[in-house]
Amino acid sequence: YAKVNFVKTSVLFDEKMQSNAVEKLQLESDLQQAINEKQLFLKYQPIVSLRTGKINCLEALVRWQHNSLGTISPDKFIPISEETGQIIALGQWVLSEACYQLVAWQKSFARDISLTMSINLSRIQIYHPELIPQIDCLLETLNLAGKDLKLEITESTLMENTTAVTKVLEKLKERDIKLCLDDFGTGYSSLSYLRYLPVDTVKIDRSFIGPEINSTNYDIIKAIVNLAHSLGLDVIAEGIETETQRDILKELGCEYGQGYLFAYPLNSGDVLATVSNNQ
Ligand code: C2E
Ligand code: MG
Ligand code: MG
Ligand code: MG
């Protein structure tokens, strides 16, 4: 009986594996077309000051509007694009699109509204020789200040800590570009390792924030905030969905928040109105 069951499960497993592989192959070839034919677009999620409630930054989040499959989430196609190397073209498009948008929005605001853009960077992009030249070109062409740009890098990328990565990060810092450690707490680095990383901001992973902040996570968040502050870093909490979460984070001294409580990732056409209404 057990054997029959086993055979049955393994057949199901093979079918599932195969359909995953087929799906992956299809996404891989479609992605090239998507990059060429502009089926990619960006959503922009506000990051707000927990003290004032004002939007101070937008995080660019890529989406793929697939012809037959509808909108595909980056969790699905970013890993594939990293395997195939397509992340380079995709990442270059994201950087340029987000910078153009930022400058357009900055121009349409009154002078006293300051708005910055946060962009996710894959580890593959950091190792690519065109990254710094492309950024230089964007800053110059758009007359964009490096300080208005923030790049989000995950803990595991920074932990590789190779000379190659360090050199690139130094070059970004020379341009006054801000660095944010994304999904902090999910990697395997110890808290104290933070002092060796050249970042300006730490973004606490949303697994510590939701579905609610229990006492263990409360202690972890508290430790992260205190350590970050002792190193002179700002803290962002991602995935804030309730007022209770917001209030706890505010009380713990976390500077910034991001999450559905404040705003969902917005279509570009909705950003101007949202930011203006928020001032
Ligand atoms: P991330 O950088 O950690 O982005 C935050 C993710 O959390 C986004 O998912 C966002 O929509 C979601 N989120 C925001 N607020 C809430 C909330 O209150 N509750 C919940 N449950 N979720 C919330 P998204 O847009 O699906 O992006 C997933 C991941 O894909 C990103 O995680 C990032 O690692 C990656 N990604 C997105 N865009 C890019 C890109 O342009 N380049 C690269 N390399 N990676 C990207
Ligand atoms: Mg991010
Ligand atoms: Mg994150
Ligand atoms: Mg994440």
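For residue 249, are the conditions met, namely being of a type in the set (A, V, I, L, M) and in contact (Cβ under 8 Å) with a residue 40 or more places away in the chain? In short, yes. The C-beta contact set for the stretch 163-187 (first residue on the phi > 0 side of the Ramachandran plot, second residue open to solvent by less than 30 Å² (accessible area, probe 1.4 Å) and away from ligand 2 (no atom under 16 Å from the Cβ), distance under 6 angstrom, 6+ apart or interchain) comprises 176/146. From the list 80, 124, the one residue that fits, being in contact (Cβ under 8 Å) with a residue 40 or more places away in the chain and open to solvent by 30 Å² or more (accessible area, probe 1.4 Å), is 124. Please indicate, with yes or no, whether at least one residue in the stretch 52-73 is within 14 Å of ligand 2 (Cβ to nearest atom) and of a type in the set (S, T, N, Q). Taking every residue of the stretch 52-73 in turn, at least one turns out to be within 14 Å of ligand 2 (Cβ to nearest atom) and of a type in the set (S, T, N, Q).
Only one of these is farther than 22 Å from residue 51 by Cα, away from ligand 1 (no atom under 13 Å from the Cβ) and open to solvent by 60 Å² or more (accessible area, probe 1.4 Å): 189, 268, 215, 230. Name it. Steps first, answer last, please.
Values: 189 fails: open to solvent by 60 Å² or more (accessible area, probe 1.4 Å); 268 fails: open to solvent by 60 Å² or more (accessible area, probe 1.4 Å); 230 fails: farther than 22 Å from residue 51 by Cα.
Result of the check over 189, 268, 215, 230: 215.
The condition (being over 21 Å from residue 46 (Cβ atoms) and crowded, with 20+ Cβ neighbours inside 10 Å) is satisfied by just one residue among 174, 170, 155, 140: 155. Taking the stretch 95-147 as the range and being among the basic types (Lys, Arg) and in a helix (DSSP H, G or I) as the test, the residues that pass are 107, 123, 147. Take the conditions (1) more than 21 Å from residue 57 (Cα to Cα); (2) under 20 Å from the mean Cα position of the chain (by Cα); residue 240 misses just one of them, which is (1). In the set 260, 256, only one residue is under 30 Å from residue 198 (Cα atoms) and surrounded by fewer than 16 Cβ atoms within 10 Å (Cβ to Cβ); that residue is 260.
The values are calculated or read from the model by the stated rules, or taken from the named source; none is laboratory data. Model, not experiment: these values are computed from the prediction. Cβ coordinates were reconstructed from backbone atoms using ideal geometry, including for glycine residues, and neighbour counts include every protein chain displayed. The area values use the complete protein model at the heavy-atom level, side chains included, leaving out ligands, DNA and RNA. Shrake-Rupley method; radii C 1.70, N 1.55, O 1.52, S 1.80 Å.
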